[in-house]
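Just below is one structure, and these are the notes that go with it.
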Amino acid sequence: MSVNSFGHVFRFTTWGESHGPAIGAVVDGCPPGLALAEADIQPWLDKRRPGTSRFTTQRREPDQVRILSGVFEGRTTGTPISLMIENVDQRSKDYSEVALAYRPGHADYAYDAKYGFRDYRGGGRSSARETASRVAAGAVARLVIPQVRIRGWVEAIGGDAIDYAAFDDATIDANPFFCPDPAAAERWEALVDGARKAGSSLGAVVACEAVGVPAGWGAPLYAKLDAELAHAVMGINAVKGVEIGDGFAAAALTGEANADAMRPGDDGPTFLANHAGGIAGGIATGQPIRLRAAFKPTSSILTAVPTIDRDGQAAEIATKGRHDPCVGIRGVPVVEAMMALVLADQALLHRAQCS
């Protein structure tokens, strides 16, 4: 079977293909009575929208969302919320060569191996175009957890990382890279331009933080908050690794160095560190929840690479069309959305058991 849904209580299903007439999401389990209009969703889609700078794909999609159901007189009804985003700038002819040969690093061969045929136009369901549906669903999820502030940024591109000593939250939305370090953003302009002009691409690391998550959300075993977040973020196109808190760096620490020591506070404990990323035993501690996601370089590149065709014969392929030279840049609002979707789901699960 194909799994196109995610979540337990707050659950969403995405539908549509990159070059079909539209894509969208159906959100189920949203509490009734929340104020919701298309204007609440559109700003988040605009952050992910293609063609906003020369550093992203030049596909021109307005990504205007329409709410088709689940809202009456400006408020959610508790029934499924159907969201639709029309595709208006497809160029399927750009993929004529992809119909004959597989793009290495893409899902072309894997899809063919599973289904026996595939939609080669932009990758169909494997296209990052699908993530717009997740961002739309994530905008609804944010309304369920208004006390939580979710913020993502690009931490590194092509191995060139920001300087956290220069971190400035106000600059994240002031440059095309969602970069909190102005000096790094300036370096990345030349870096990404160079990859684009060379017909290549670059990977990136995206960081995301949620502040205001109360202690207690999550579960100790099969719905661990960190496991749910890892599941959600690993399901994003091009993500090949997820770290919670210190992640792999924790393996190099001693027990005392890794411990998030506590002292008495006015309203619960005061933590002296946050190596665990705000989650202990699968349950939120009340500290900021922090994660990082590694995005691989875009697989659709203009540089010719060796491959095989559908008959198993040797070939070469260079992907035509309009593609992100660094897909991780537009991955920031997608990571934020998946964080919101998991936290909304966990908030409702917690309320159901521990209200």
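The values are calculated or read from the model by the stated rules, or taken from the named source; none is laboratory data. All values reported here derive from a predicted model rather than from experimental measurement. Here the Cβ is made from the backbone with ideal geometry for all residues, glycine too, and neighbour counts use every protein chain on show. Protein only, heavy atoms only, side chains kept; ligands, DNA and RNA dropped before computing areas. Shrake-Rupley method; radii C 1.70, N 1.55, O 1.52, S 1.80 Å.
Listed by chain and number, the lysines placed with their C-alpha closer than 26 angstrom to that of residue 47 are 197, 240, 296, 320; residues fewer than eight positions away on the same chain are left out.
Debye sum, Cα scatterers, the chain, no solvent: what log₁₀ I/I(0) at q = 0.06, 0.10, 0.15 1/Å? Evaluating at q = 0.06, 0.10, 0.15 Å⁻¹ gives log10 I(q)/I(0) of -0.23, -0.64, -1.35.
Entry comment: accessible area of the chain is 46 Å² per residue, from protein heavy atoms only and a probe of 1.4 Å.
Computed with a 1.4 Å probe over protein heavy atoms only, the accessible area of residue 120 comes to about 90 Å². With axes computed from alpha carbons, what is the tilt in degrees of helix 38-48 against the longest principal axis of the chain, rounded to the nearest 10 within 0 to 90? Compared with the principal axis, the helix lies near 60 degrees. With respect to the chain, whose longest principal axis is taken over its alpha-carbon atoms, helix 131-144 is tilted by about 20°. Amide H contacts of residue 69 (H built 1.01 Å from N, in plane; Pro and chain starts excluded): 82 sit under 5 Å, all sequence-distant by 5 or more or on other chains. Close amide-amide hydrogen proximity is noted between residue 78 and 33, each under 5 Å apart and 5 or more residues distant or on a separate chain (H modeled in the peptide plane; Pro and chain starts excluded).
Each helix, a run of at least 4 DSSP H residues, gives -39500 (n - 2.57); summed and divided by the residues of the chain, these come to -7500 deg cm²/dmol at 222 nm. Angle between the Cα long axis of helix 182-197 and the longest principal axis of the chain, 0 to 90 degrees, nearest 10? Relative to the chain, helix 182-197 is tipped by roughly 20 degrees.
Applying 1/(1 + (r/R0)^6) with R0 = 45 Å to the Cβ-Cβ distance of residue 234 and residue 263, what FRET efficiency is obtained, to the nearest 0.05? Once rounded, the FRET efficiency stands at 0.80. Packing, as the average of other Cβ atoms within 10 Å across residues, places the peptides 329-337, 222-230 in the order 329-337, 222-230, highest first.
Split the accessible area of the chain by element, probe 1.4 Å, and carbon with sulfur accounts for 56%.
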